[in-house]
Amino acid sequence: AKTCGRDNCQLFHMGMNVPLSNRLSLENDLRHALERNQLVAYYQPQVDLKRGHIVGFECLIRWQHPVRGLISPAEFIPLAEETGMITAIGKWMLDTACQQLKVWKTRELPPVRLAINISPRQMEQPDFVEHILNALHQHGLDQGMLEVEITENLIMKDVERTVEKLKQLSASGIKIAIDDFGTGYSSLNYLKKFPIHTIKIDQSFIADIERDGDTSIVTAIIAMAKGLHLNLIAEGVETENQLAFLRRMECDEIQGYLLSEPLTAQAATTMLIENITP
Ligand code: C2E
Ligand code: CA
Ligand code: CA
Ligand code: CA
């Protein structure tokens, strides 16, 4: 359509699997979700295999919808990204994560790292770095407690500008993780040039270990990460078999249902206190 305006065009690529009215009402509801306190942060533990205890949590957002129940981020994050609402949602998540770290610090629980997922559109905000530094400062937190998770595709979208921002973050002590590693379009070159601390092996490769015993990609990624002295997290670890393999390969950390599903703040706190380990 020649005269199609911005909003009309969006309707076309918003997915064919969901009825249009559904999409529209979801979008409308999402606009109010923040002010109505319907967004919830869940926390999935990350365990260091050598030390045998929790060293961090990944923050995963959910939407407690009054009618539809708990909505997964896979359903509304793409919508938030398309409409630009992701900027406000991302700020909410950052502030929520900082508040949680502050609560744990005040309760004198063992210090852990929190990782938050960053969308491309969030990274594009001119005040992105400033906002993160301010949030940490306001809550009196050490920069080393925060990790940002970005994807290879995000980096490749605008290499020059992204590297600039990552350098600023890293120089301040904030850690940078590459999420879903191995699934994006990228050159491996950036691993050396960029200030990256952590690689998260995508769960599809971890699933391969179980499905058909194929360990080739995981083995290659682990060798590469070790060569580059990067911290390595295996995602989506569901079985003892996968755990045994990752232990043998001396993978640094694991995350997945075998240890725990993403937890409410209260359940995560309990787990941190008990420090349950595999
Ligand atoms: P992700 O960053 O790759 O997060 C990992 C996803 O795998 C999470 O799904 C997690 O619950 C799930 N998972 C964890 N362990 C296992 C396992 O053992 N087996 C399997 N099959 N899955 C496991 P979730 O929470 O539904 O999040 C989906 C995606 O939504 C995330 O993928 C991330 O890309 C995005 N997302 C979540 N929270 C945020 C957020 O605050 N901001 C942004 N921008 N994106 C977010
Ligand atoms: Ca992630
Ligand atoms: Ca991931
Ligand atoms: Ca993913």
(message) Compute, for the range 130-227, the length of the dipole vector about the Cα centre, with Cβ point charges of +1 (Lys, Arg) and -1 (Asp, Glu) only. Units Debye, rounded to 20.
(response) 420
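Report relative contact order for the range 136-240 in percent, whole number only (criteria: Cα-Cα under 8 Å, sequence separation at least 6). Don't skip to the answer; put the middle values down first.
On the way: 133 pairs, mean separation 25.1, N = 105.
It rounds to 24 percent for the range 136-240.
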(request) With a Förster radius of 45 Å, plug the Cβ-Cβ distance of Ala171 and Val67 into 1/(1 + (r/R0)^6) and report the FRET value to the nearest 0.05. (result) 0.50
(request) Could you give me the percent of Cα pairs per 5 Å distance bin for the range 147-217, shortest bin first, beginning at zero and ending with the bin that holds the maximum distance? (result) 3, 16, 26, 22, 14, 9, 6, 3, 1
(message) Please compute the modelled spin-label separation between Asn134 and Thr183, points set 7 Å along Cα→Cβ, answer in nm with one decimal.
(response) 3.3
(request) Show the residues, 5+ positions off or on another chain, whose built amide H is closer than 5 Å to the amide H of Tyr42. (result) Leu60, Ile61, Arg62
(request) With only Lys, Arg, Asp and Glu charged, each at its Cβ (+1 for the first two, -1 for the last two), find how big the charge dipole of the range 21-63 is about the Cα centre; round to the nearest 20 debye. (result) 100
(request) Starting from the Cα gyration tensor of the chain, multiply each eigenvalue by 5, take the square root, and state the resulting semi-axes largest first in whole Å. (result) 30, 23, 21
(request) Could you give log10 I(q)/I(0) at q = 0.16, 0.33 Å⁻¹ for the range 140-186, computed by the Debye formula over C-alpha point scatterers of equal weight, without solvent? (result) -0.46, -1.17
(message) Net charge around Lys226, counting only other residues with Cβ within less than 11 Å of its Cβ (Lys, Arg = +1; Asp, Glu = -1)?
(response) -2
(request) Would you kindly compute the Cα radius of gyration of the range 103-206 and its largest Cα-Cα separation (Dmax), both in Å? (result) 14.3, 43
(message) Along the Cα→Cβ direction, 7 angstrom out, place labels at Ala88 and Glu210. What is the inter-label distance in nm?
(response) 3.8
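Rg to Rh for the range 19-161: what is it, with Cα atoms only and Rh by Kirkwood?
Result for the range 19-161 is an Rg/Rh of 0.99.
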(message) Taking the 0 to 90 degree range and rounding to the nearest ten, how far is the long axis of helix 20-33 tilted relative to the main principal axis of the chain, both from C-alpha atoms?
(response) 70
(message) If the elastic network links every pair of Cα atoms under 10 Å, which of Glu75, Glu147, Glu253 fluctuates the most in the Gaussian network model of the chain?
(response) Glu75
(request) Taking the Cα centre of the chain as origin, work out the dipole magnitude from +1 charges on Lys and Arg Cβ and -1 charges on Asp and Glu Cβ, in debye rounded to 20. (result) 500
(message) At 7 Å along Cα-to-Cβ for each site, give me the label-to-label distance between Ala220 and Asp142 in nm.
(response) 3.8
(message) With unit charges on the beta carbons (Lys and Arg positive, Asp and Glu negative) and the dipole taken about the Cα centre of the chain, which residue among Asn28, Asn153, Gln99 sits farthest to the positive side?
(response) Gln99
(request) Treating the angle as unsigned and between 0 and 90°, give the value, to the nearest 10°, between the Cα long axis of helix 203-212 and the longest Cα principal axis of the chain. (result) 60
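The numbers here are math on the coordinates, done by the rules we state, and not lab data. Here the structure is a predicted model, which is why all the values come from computation and not from measurement. Cβ atoms come from the backbone with ideal geometry, glycine included; neighbour counts cover every protein chain shown.
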